[in-house]
Every structure is written in structure tokens, then in C-alpha cells.
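Accompanying notes for the structure given below.
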Amino acid sequence: MDDFEVKTYYAIALDPIHVGTGRARLERVDLPIIREPGTNLPKIPGTSLSGPARTYTAIQTNRYRWSKDGREYSCAGRGGEGGENHCGSVNPACPVCVPYGFSKGSGNSMQGLAQFFDAQILLFPVASLAGTVWVTSPMALEGLGLNSEFQAPDNSFYPLGEQLKDKERLNFGWLMLPKGDGKGNLTNLPVPEEIKQRTVLVSDKLFPKIVNSNLEVRTSVSIDPATGTAEEGALFTYEAIPRGTVLKFDVVYNSGKYFRVGGEELKTEDGGDVGTQWVKAQVEKGLKLFEILGIGGMGTRGMGRLKILNLEKVNY
Ligand SMILES: [Zn+2]
């Protein structure tokens with residue numbers, strides 16, 4: 001039994017995705033999305049993935065609202081003021097509280113066995129005169145174990161996919177890019193072939209510029225909750241990662257074999273060890289619902305559905 005497993009997930013945005021900074025600022029849009037400070041690339045924080053994943057695992061395992069011994073629990077969400085609504089059961093291990101963690105006072109809390117890391121943009125869709133082209137950069141592809149070295153030309157593109165090999169230039173409307181010399185291939189990347197065939201490599205310097213110039217900016221109207229009608233003059237704009245964007249994120253699955261909570265050993269329902277595979281299976285039940293129920297804000301405005309491309313092949 002392994003102590004831990006790191007799994008890299010690949011996901012495609014089925015809708016625009018808005019994960020906001022939580023504060024409106026005086027920028028070019030009213031509601032900007034979160035960016036990585038160093039690169040200025042939009043990202044989805046790990047907490048914005050683990051939050052909905054927790055809720056969806058709770059739905060899938062009947063722990064959203066449930067009762068035991070005459071008590072009501074909800075293992076989704078924060079568990080109320082002091083976490084008292086979480087069941088916190090470790091033997092048998094709650095499929096929500098053990099993977100995602102709980103806190104019910106000293107001696108009776110645990111950090112989740114699954115740790116979520118930020119989702120980063122891997123392949124970004126841009127409209128061109130030659131149809132949609134996905135753009136990526138050597139930095140975006142780093143550390144994925146693709147067994148390929150990536151080199152991008154300056155101020156030009158290098159086609160990684162067959163379909164664009166004969167293009168001498170790409171016209172993005174606001175930017176004309178000539179073809180240059182580069183290196184790399186996406187053979188081992190588990191994303192749809194149609195996308196890989198239309199992917200080009202650009203420099204790490206150009207990539208954030210292309211991404212930030214092609215985010216969705218939408219205008220919406222504020223609804224007065226009291227009357228259900230549009231508030232006068234309350235138009236606002238918000239940014240979103242566009243539909244078709246391919247993202248990647250890591251989840252580390254830890255084994256529960258060394259854990260004791262309140263002196264108790266972690267055991268599954270049938271008395272087995274809480275291993276990495278069990279933890280992963282519970283989390284993936286939740287990740288499966290990302291493509292139906294979505295993540296991020298503006299869910300009621302047709303946003304946020306994210307399809308995970310490499311879940312284990314089991315029926316959750
Ligand atoms: Zn629970």
C-alpha cells in the first residue's frame with residue numbers, strides 16, 4: 001500500500017468559468033478572475049476545486065443531509081460555525097469527512113487526506129481565421145512527464161499539431177503570428193486528439209498576453225433580490241476563462257494508515273484500511289459532477305461546467 005499518490009487531472013471547460021477574486025476592483029472589468037501573481041495567468045485556486053468536490057462527493061454518497069442516531073448531519077460545506085454539522089466519523093471512515101477533512105474541536109479533527117492544488121491553464125482556445133487554435137507555452141507544459149522537450153520561437157508560433165503544419169502564419173485578428181522553428185510533441189497528453197491537432201506553441205512571454213487578451217468579458221445585469229427585477233443602472237462586467245480551455249491540476253491522495261483521530265484507527269465500512277485508492281475513489285465521485293453542476297461563481301448564468309478527462313474507469 002502506497003503512502004501517497006499524486007494524480008494530475010486534465011479538464012476541459014464546457015462553459016465559461018468565473019472564479020472571482022471576491023472583490024470588485026477598478027479594473028477594465030467589475031469582477032475580475034483570480035490570477036497567478038508571477039505570471040499574470042488566470043488560475044483556479046485549489047480551494048475553489050475542493051469546495052465543490054466536497055459538496056458533490058457528499059451528494060453522491062448520501063452525506064449531503066443525513067441522520068444517524070437521531071442526529072442530523074451535513075458533511076458538505078463548512079459544517080456550520082464550529083464544524084459541528086460534519087459527522088467526523090473515522091471508523092467507519094466517512095467518505096466526505098476523511099478525504100476532505102473536518103474539525104470538531106481539539107483531538108477530534110483531521111486534515112483531509114486529499115490535497116488539492118491550483119488549476120492552471122494548459123491549452124487556451126483562440127479564434128483565428130483558420131478556426132479555433134489552442135495555444136500553449138513551454139512553461140505551461142512543464143512537469144507533465146510528456147517525454148518531450150519544448151522550445152518555442154520568439155514572436156511566432158510552432159505547430160505541435162499536424163493540422164496547422166502547413167500554415168505560414170496565424171491571424172488572430174488583433175495579432176498576426178508567423179511560423180517559427182520550435183520543438184516538442186503532445187503525443188502522451190491525455191486530451192482529445194482534435195484539440196492536440198490544432199495546438200501551437202508560443203513563448204512563455206507571449207502566452208499570458210494572448211490569454212489575457214482573449215478572456216471572455218460578459219455584461220450582466222444585477223437583480224434586486226427583493227423584487228426580482230433588474231436594478232436600475234446596475235450593469236456589470238465580469239471576466240471568465242472561455243469554453244474549450246484545457247486546464248490541469250494535481251491532487252495528492254494520502255493513505256490513512258498512520259492516522260489516529262481521537263485514538264481511533266481509520267477503517268473503511270467493511271473494516272479495511274483507508275488507502276490512497278479508497279480516498280481517490282471518494283474524491284472522484286465528486287469530480288465526476290463538475291461536468292454537470294459546475295464550479296465557480298455565476299452558476300445560474302450558465303457558467304462553470306468542467307469535464308474531467310481522466311477519471312479512473314469505474315462507475316461511480
Ligand atoms: Zn462526514
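The values are calculated or read from the model by the stated rules, or taken from the named source; none is laboratory data. Please read all numbers here as calculations on a predicted model, not as lab measurements. So basically every Cβ, Gly included, is an ideal-geometry build from the backbone, and we count neighbours across all protein chains shown. All accessible areas refer to the heavy atoms of the entire protein, side chains included, with ligands and DNA or RNA removed. Shrake-Rupley method; radii C 1.70, N 1.55, O 1.52, S 1.80 Å.
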With an 8 Å Cα cut-off and a minimum separation of 6 or more residues, compute the relative contact order for the range 122-216 in percent.
38 percent
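Taking 1 over the mean of 1/r across every pair of different Cα atoms in the chain, what Kirkwood radius in Å do you get?
Numbers: mean 1/r = 0.0466 Å⁻¹.
This gives a value of 21.5 Å.
If you roll a 1.4 angstrom probe over the protein chains with everything in place, what fraction of the accessible area of the chain belongs to carbon and sulfur, to the nearest %?
Values: 7220 of 15380 Å².
Carbon plus sulfur share of accessible area: 47 percent.
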Could you compute how fast the range 145-211 diffuses translationally, taking Rh as the Kirkwood radius over C-alpha pairs and applying Stokes-Einstein at 20 °C with viscosity 1.002 mPa s? Give it in µm² per second.
174 µm²/s
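For the range 54-213, what is Rg from Cα atoms divided by 2.2 N^0.38 Å, rounded to two decimals?
1.55
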At q = 0.20 1/Å the base-10 log of I(q)/I(0) from the Debye formula over the alpha-carbon atoms of the range 6-148 is -1.21
Given the range 134-282, what count of lysine pairs have C-alpha atoms under 24 Å apart, with each pair 8 or more places apart or on different chains?
26
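Before I look further, what does the range 122-216 give for accessible area per residue, probe 1.4 Å, in whole square angstrom? Please list the in-between numbers first.
Numbers: 4500 Å² over 95 residues.
Roughly 47 Å² per residue, with all protein chains present.
Please compute the contact order of the chain in relative form: average sequence separation of alpha-carbon pairs under 8 Å and at least six residues apart, divided by the residue count, as a percent.
Working: 686 pairs, mean separation 97.9, N = 316.
Relative CO of the chain lands at 31 percent.
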Which Cys in the chain stand alone, with every other cysteine's Cβ at 4.7 Å or more from theirs?
Cys75, Cys87
Excluding residues fewer than 8 places away in the same chain, name every one of the aspartates and glutamates whose C-alpha is closer than 18 Å to that of Lys307.
Asp15, Asp118, Glu193, Glu194, Asp250, Glu284, Glu291
How about Lys285: which aspartates and glutamates have a C-alpha closer than 12 Å to its C-alpha, ignoring those fewer than 8 places off in the same chain?
Glu312
Residue-wise HN-Hα coupling along the range 199-205, computed from phi with Karplus coefficients 6.51, -1.76, 1.60 (Hz; x: Gly, Pro)
9, 10, 9, 10, 5, 4, 7
So if each residue of separation counts as 0.36 nm, and I subtract the Cα-Cα distance between Asn155 and Glu84, what length gain in nm does that give?
20.0 nm
